[in-house]
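Here is the structure we will look at, set down as structure tokens.
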Amino acid sequence: MLSIQLKSGEYLTIGNDIVVQVFQAGAGFRVAVEAPREMPVVRGEVLERTGIRPDCIHERSPQSPSRSKRDQQRFQTAQRRLK
């Protein structure tokens with residue numbers, strides 16, 4: 001799975017026919033999708049009602065390697081302080 005961080009207004013393309021654009025909306029975000037009519041575009045929660053969940057979906061956003069390393073260092077520092 002490709003994981004891309006986009007700023008509000010930025011977009012990505014999938015092939016020649018699909019464009020996905022992200023917009024900040026208050027505390028959340030909106031996603032605009034332009035795709036051919038024959039290409040189904042379905043919210044994940046609607047798909048999951050049918051019992052289908054793609055294997056590639058993470059429960060939460062994967063952390064960047066630098067953030068993971070920083071969190072690990074903070075955890076180790078906290079453990080040393082408790083000893």
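The values are calculated or read from the model by the stated rules, or taken from the named source; none is laboratory data. Since this is a predicted model, take the numbers as computed values, not measurements. Quick reminder, even Gly has a Cβ in these numbers, built from the backbone with ideal geometry, and neighbours come from all protein chains shown.
Among the residues of the stretch 1-13, write down those that are surrounded by 10 or more Cβ atoms within 10 Å (Cβ to Cβ) and under 20 Å from Ile57 (Cα atoms).
Leu6, Leu12, Thr13
Say whether the condition of being of a type in the set (Phe, Trp, Tyr), at pLDDT below 90 and either touching an Asp or Glu at 6+ places or on another chain (Cβ under 6 Å) or outside any loop (DSSP other than H, G, I, E, B) (or both) is met by at least one residue in the stretch 4-15.
Within the stretch 4-15, not a single residue is of a type in the set (Phe, Trp, Tyr), at pLDDT below 90 and either touching an Asp or Glu at 6+ places or on another chain (Cβ under 6 Å) or outside any loop (DSSP other than H, G, I, E, B) (or both).
Take the residues of the stretch 37-61 that are under 18 Å from Leu2 (Cβ atoms) and in contact with a helix residue (DSSP H, G or I) (Cβ under 9 Å, 6 or more places away or on another chain): which is modelled with the lowest pLDDT?
Ile57
Going through the stretch 14-35 one residue at a time, which ones are surrounded by fewer than 11 Cβ atoms within 10 Å (Cβ to Cβ) and touching a strand residue (DSSP E or B) at 6+ places or on another chain (Cβ under 8 Å)?
Ala32
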